[in-house]
Amino acid sequence: AQTVTQSQPEMSVQEAETVTLSCTYDTSESDYYLFWYKQPPSRQMILVIRQEAYKQQNATENRFSVNFQKAAKSFSLKISDSQLGDAAMYFCALEIRAGNQFYFGTGTSLTVIP
Amino acid sequence: GAVVSQHPSRVICKSGTSVKIECRSLDFQATTMFWYRQFPKQSLMLMATSNEGSKATYEQGVEKDKFLINHASLTLSTLTVTSAHPEDSSFYICSARDRFYGYTFGSGTRLTVV
């Protein structure tokens with residue numbers, strides 16, 4: 001069975017500072033992707049960043065980067081230079097390529113303090 | 001990128017009536033679409049996987065007769081909540097998988113049953 005765990009229900013960060021959101025996962029599959037999604041108050045799910053498991057290099061998208069530790073099954077998201085618009089729920093997700101299986105973590109609510 | 005259009009965004013219906021929610025992939029074909037339910041401040045819970053031209057696969061505990069799913073074309077899946085009751089009030093989100101962009105989510109439907 002696959003699991004995705006986000007151990008931080010809530011986080012806060014000062015504007016312009018850096019924050020790291022944690023995610024661990026468990027799977028016996030070798031072909032999988034990992035994602036971070038953002039869900040603002042509008043509740044639209046927005047893809048923040050994606051990491052293919054076979055790639056060693058950590059994915060980066062502008063101010064967002066991940067620390068992918070495959071052996072430890074850890075996939076944390078770092079947000080640099082935090083902005084007020086970053087305030088949202090953040091979900092870590094795991095996709096098992098075989099069988100179109102997709103698993104969400106429980107989410108982390110991020111507050112950005114002006 | 002890939003776009004998934006979901007309608008309506010909000011619906012209020014009387015108890016005992018049925019409500020249909022549509023999910024369309026606008027610029028790609030989706031052989032598989034997914035329907036989620038989300039309670040306030042909780043993660044997305046997969047309800048069913050919708051397969052074009054065949055029966056949907058429901059997750060354990062989801063009533064097939066209550067939540068009817070139809071995926072008649074490669075760009076449209078519908079979720080019909082039949083004989084809705086107040087406990088069916090929730091936020092429903094669809095998603096579809098595009099081979100290039102991965103999973104794309106609709107903007108969600110807030111259902112209120114009165």
Extending each Cα 7 Å along its Cβ direction at B:S73 and A:T106, get the distance between those two points in nm, one decimal.
-> 4.2 nm
State, to one decimal in nm, how far the label point of B:D27 lies from the label point of B:T57, with both points 7 Å from Cα in the Cβ direction.
-> 2.9 nm
Largest first, what is the accessible-area ranking of B:V114, A:V112 with a 1.4 Å probe?
-> B:V114, A:V112
What number, in percent, do you get for the relative contact order of chain B if the mean sequence gap of Cα pairs under 8 Å and at least 6 apart is divided by its residue count?
-> 37 percent
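Per residue, how large is the accessible surface of region A:36-80? Use a 1.4 angstrom probe and give square angstrom.
Using a 1.4 Å probe on heavy atoms only, each residue of region A:36-80 averages 54 Å².
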Please work out the FRET efficiency for the pair B:F39 and A:Q56, using the Cβ-Cβ distance as r and a Förster radius of 35 Å; give the result to the nearest 0.05.
-> 0.40
Estimate for me the total accessible surface buried between chains B and A (protein heavy atoms, probe 1.4 Å, no ligands or nucleic acids), in Å² to the nearest 100.
-> 1500 Å²
In Hz, Karplus ³J(HN,Hα) per residue of region A:30-47 (6.51, -1.76, 1.60; θ = phi - 60°; x = Gly, Pro) | 9, 10, 8, 10, 10, 9, 10, 10, 10, 10, x, x, 5, 6, 6, 7, 10, 6
May I ask for the equivalent-ellipsoid semi-axes of the protein assembly as shown, computed as the square root of five times each C-alpha gyration tensor eigenvalue and listed largest first in whole Å?
-> 30, 21, 15
Relative contact order (percent) for region A:1-49, with alpha-carbon contacts under 8 angstrom and 6 or more residues of separation?
-> 32 percent
Report, for the protein assembly as shown, the % of DSSP beta bridges that are antiparallel, rounded to 5.
-> 90 percent
Across region B:7-86, how many lysine pairs, 8 or more positions apart or on different chains, have C-alpha atoms separated by under 15 Å? Please give the number.
-> 4
Of all accessible heavy-atom area on the protein assembly as shown, the percent that carbon and sulfur account for (1.4 Å) | 48 percent
Taking region A:18-82 on its own, what percent of its Cα-Cα pair distances exceed 19 Å?
-> 32 percent
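Under a Cβ-Cβ cut-off of 15 Å, what is the net charge of the residues other than A:Y90 that fall near it, where Lys and Arg count +1 and Asp and Glu count -1?
+3
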Say the dipole of chain A comes from +1 at the beta carbon of Lys and Arg and -1 at that of Asp and Glu; which of A:A93, A:S65, A:V112 then lies farthest toward its positive end?
-> A:A93
So who's got an amide H within less than 5 Å of the one on A:T111, skipping anything under 5 residues away but keeping other chains? H placed 1.01 Å off N, in plane.
-> A:M11, A:S12, A:V13
Dipole size in debye (nearest 20) for the protein assembly as shown around its Cα centre, Lys and Arg Cβ +1, Asp and Glu Cβ -1?
-> 320 debye
Ordered by number, the residues of region A:40-80 that have at least 30 Å² less accessible area in the complete protein assembly than on their own chain alone (1.4 Å probe) are A:R43, A:Q44, A:M45, A:R50
Mean shadow of chain B, computed from the convex hull of its alpha carbons, in nm²?
-> 6.6 nm²
Just in region B:14-62: which GluC sites (Glu not before Pro) are loop by DSSP and have at most 15 other Cβ atoms within 10 Å?
-> B:E59
Can you list, largest first and rounded to whole Å, the semi-axes you get for chain A by taking the square root of 5 times each eigenvalue of its Cα gyration tensor?
-> 24, 14, 12
Rel. contact order, % - alpha carbon contacts under 8 angstrom, at least six apart, chain A | 37 percent
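The values are calculated or read from the model by the stated rules, or taken from the named source; none is laboratory data. Here the structure is a predicted model, which means the values were calculated and not measured. Please note: Cβ atoms are built from the backbone with ideal geometry, for glycine as well, and neighbour counts cover all protein chains shown. Each accessible area value is taken on the protein alone, full model and side chains, heavy atoms only, with ligands, DNA and RNA left out. Shrake-Rupley method; radii C 1.70, N 1.55, O 1.52, S 1.80 Å.
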